[in-house]
1. Could you please tell me which pairs satisfy a Cβ distance under 7 Å, a separation of 6+ or placement on different chains, a first residue in the stretch 101-118 that is within 23 Å of F152 (Cα to Cα), and a second residue that is crowded, with 16+ Cβ neighbours inside 10 Å and of a type in the set (D, E)?
2. Would you mind listing the helices (runs of 4 or more DSSP H) fully within the stretch 99-181 where at least 1 residues are at pLDDT 95 or above and more than 20 Å from A76 (Cα to Cα)?
3. For the list (1) closer than 24 Å to I122 by Cβ; (2) assigned to a loop (DSSP other than H, G, I, E, B), I need the number of the one condition that K4 fails.
4. If a residue must be part of a loop (DSSP other than H, G, I, E, B), of a type in the set (A, V, I, L, M) and more than 14 Å from A155 (Cα to Cα), how many such residues does the stretch 59-73 contain?
5. Which of the following residues is of a type in the set (G, A, S), in a loop (DSSP other than H, G, I, E, B) and either within 27 Å of K138 (Cβ to Cβ) or at pLDDT below 95 (or both): A90, A80, A76, A94?
Amino acid sequence: MQPKKMTVAEANRLDEDEFVEKFGPVFESSPHLARIAGISRPFESFEDLSRAFREAMYAAPREEQMELILAHPDLAGKAAVAGELTSESAGEQASAGLDQLSPEEYESFTRMNAAYREKFGIPMIVCVREHTKESILKSAEARLDNSHEEEFETALGEISKIADLRLRDLIEDGDGGGRWQRRPENSPRAGR
């Protein structure tokens, strides 16, 4: 079940704890990043809000970024089978059909997860809402040729896409909440 959407203006009016409660799940098991993003309020548009979340993630120390990456589950992994995913991850994996794999497909994902973790020491992170199970496996195969640093940066990029989609699940279109709005050149926040 989708959470009730709110406008950007309504998000601006939340107190700090309410903001973290509402937006904490945007980053997997990392609600402290929502608290940091909330400091940038008031947001003028969805893009402004989304930018604050990206900036919170990218400004975090590398150790915190690694913790965020490690908080993500394997794709169609043991946590999914055991029903231990966050509701957000479960819905996202289901959107790509990862909850309905044949035994052969499950084995392919198991091998992919193991090879990826063995090489990089992190779960393979993909914004699954932009993929099919076939394209995920193809992407994994290509990404196994990357360096550790390339995959660290790729993981953060995929997390940024996931966060943006999760924000879109929480913020409704209209009232400044869904479309980027150009700020006047003399606006104090223009160029931010």
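The values are calculated or read from the model by the stated rules, or taken from the named source; none is laboratory data. The model shown is predicted, which means the values in this text are computed figures rather than measured ones. Because the Cβ atoms are built from the backbone with ideal geometry, glycine has one as well, and the counts that use them run over all protein chains shown.
1. Cβ pairs passing all conditions: N113/D74.
2. Hits in the stretch 99-181: 148-170.
3. (1)
4. 1
5. A76
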